[in-house]
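The values are calculated or read from the model by the stated rules, or taken from the named source; none is laboratory data. Everything quoted here is computed from the prediction, not taken from an experiment. When we count neighbours, we look across all protein chains shown, and the Cβ atoms used for this are built from the backbone with ideal geometry, even at glycine. Side chains are part of the model used for accessible areas, which takes the heavy atoms of the whole protein and leaves out ligands, DNA and RNA. Shrake-Rupley method; radii C 1.70, N 1.55, O 1.52, S 1.80 Å.
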Amino acid sequence: MVGDVAVGGGEPVVVQSMLKSPPSDVKQALVQTERLAEAGCRLIRVAVPDKHALEPLKRFCAESPLPVIADIHFNYKLALGAIESGVSKVRLNPGNLKDREQIRQVVERCKDKGLPIRVGANSGSIKERSRRDERLMVDALLDGVVEYCQYIESLGFRDIIVSLKASDVQTNTAVYRAMAGRSDYPLHVGLTATGPMAQGVVRSSIALGSLLVDGIGDTVRVSLTGDPLREVELAYEILRASGRLFDRPVIVSCPTCGRCEGDVIGAVEEVAEALKDSRERIKVAVMGCVVNGPGEAKECDYGVACGVNNAVLFRKGEIVKHIRMTDMVSELLNLLEKEQN
Ligand code: SF4
């Protein structure tokens, strides 16, 4: 549990993000967190760069609508201070916080307070030699995290979440797969330092999606160089596309081609607009011709497929009726409305 949010153990994947405002600006931090919470963010991580961040952190924790995770590097005293400030989880970086006695003190304090620890390795904290070689990087991240976890376990503490983020998609995927094969600790999956927005969206989608489709990942954070709201929105799109979340209608539409018999592009826009606020777990097809159209439409809960002179309305694999092409959208939406009410 991170506060009141369960992570791992077969629970739905938890979306989290990280504050981008300065630690001293509690007001802005709360505004940002409220926006993220409204978008579905469940946990918020906060940088704790120095001791001056602790007092504002305390005020932030007292008012935050989301459980707060302290992001700690280099200095274990900041972890101890953050725990006293009221955080619900502590992230330690094995690449820069290594002293065993210092780790022990943090672990004991977390044990007392019932807080989990994220062992969060990052390729940027791995020594220079390993950074130039994918295999070395995978081994360095994995060995560092496993050894860290083993030490923490030796202290009688198993409330651990693991992350092993790289900035390279292949390395990231390889190291998470290796970790998933070695341990059953919940995994926080993400890709770090993803680059400009368009590149970050594609790279994050491939990196996280390729793990999530195989059931790897218990909590996700998309890292984008931009508004954290985009991180949360993209995280949900990745979860939906990976089959880890089905919380609204899925529209299946063909790309159209020279065989297309009707205005599929216009119809899809109208259907998408009509369903944008729906939370029904349904699949709706809009297809352009008889080649793949009826087949796809039949596999969905509802659908329309264009024919030569008219269109066909489907429901759960059965033809409901033949309809005029111009009535395609209205007939489909009428059927949906009737069935959902
Ligand atoms: Fe083309 Fe028909 Fe396939 Fe649509 S369903 S892309 S119109 S062949």
Members of the range 248-258 found to be within 10 Å of the ligand (Cβ to nearest atom) and either part of a loop (DSSP other than H, G, I, E, B) or in contact with a Lys or Arg (Cβ under 7 Å, 6 or more places away or on another chain) (or both), listed by number: C254, P255, T256, C257, G258
Please enumerate the residues belonging to the range 169-182 that are under 17 Å from A140 (Cβ atoms) and open to solvent by less than 60 Å² (accessible area, probe 1.4 Å). T171, N172, T173, A174, V175, Y176, A178, M179
What are the pairs with Cβ atoms under 8 angstrom where one residue, in the range 306-328, is closer than 16 Å to G262 by Cα and among the polar types (S, T, N, Q) and the other, located anywhere, is modelled with pLDDT of 90 or more and in a loop (DSSP other than H, G, I, E, B)? Sequence gap at least six, or different chains. N310/R324
For the range 1-107, which fully contained strands (runs of 3 or more DSSP E) count at least 1 residues that are open to solvent by 20 Å² or more (accessible area, probe 1.4 Å) and under 27 Å from D227 (Cα atoms)? 14-18, 43-47
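Conditions (1) surrounded by 20 or more Cβ atoms within 10 Å (Cβ to Cβ); (2) within 16 Å of the ligand (Cβ to nearest atom); (3) within 24 Å of L335 (Cα to Cα), marked per residue:
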{"site": "V220", "(1), (2), (3)": "yes, no, no"}
{"site": "G226", "(1), (2), (3)": "no, no, no"}
{"site": "A235", "(1), (2), (3)": "yes, no, no"}
{"site": "S242", "(1), (2), (3)": "yes, no, no"}
{"site": "C260", "(1), (2), (3)": "no, yes, yes"}
{"site": "R279", "(1), (2), (3)": "no, no, yes"}
{"site": "G288", "(1), (2), (3)": "yes, yes, yes"}
Identify, from the list V87, V138, the residue that is at negative phi, within 25 Å of the chain's Cα centre (by Cα) and at pLDDT 95 or above. V87
Here the residues within the range 303-315 that are touching a Pro at 6+ places or on another chain (Cβ under 9 Å) and more than 13 Å from the ligand (Cβ to nearest atom) are F314
Against the condition outside any loop (DSSP other than H, G, I, E, B), open to solvent by 60 Å² or more (accessible area, probe 1.4 Å), within 12 Å of the ligand (Cβ to nearest atom) and closer than 30 Å to V202 by Cα, how does E296 come out, does it pass? yes
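Quick check on L275: is it at pLDDT 95 or above, surrounded by fewer than 21 Cβ atoms within 10 Å (Cβ to Cβ) and out of contact with any Gly (no Cβ under 6 Å at 6 or more places or on another chain)?
yes
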Would you mind telling me which numbered condition in (1) over 23 Å from V90 (Cα atoms); (2) assigned to a loop (DSSP other than H, G, I, E, B) T173 fails? (2)
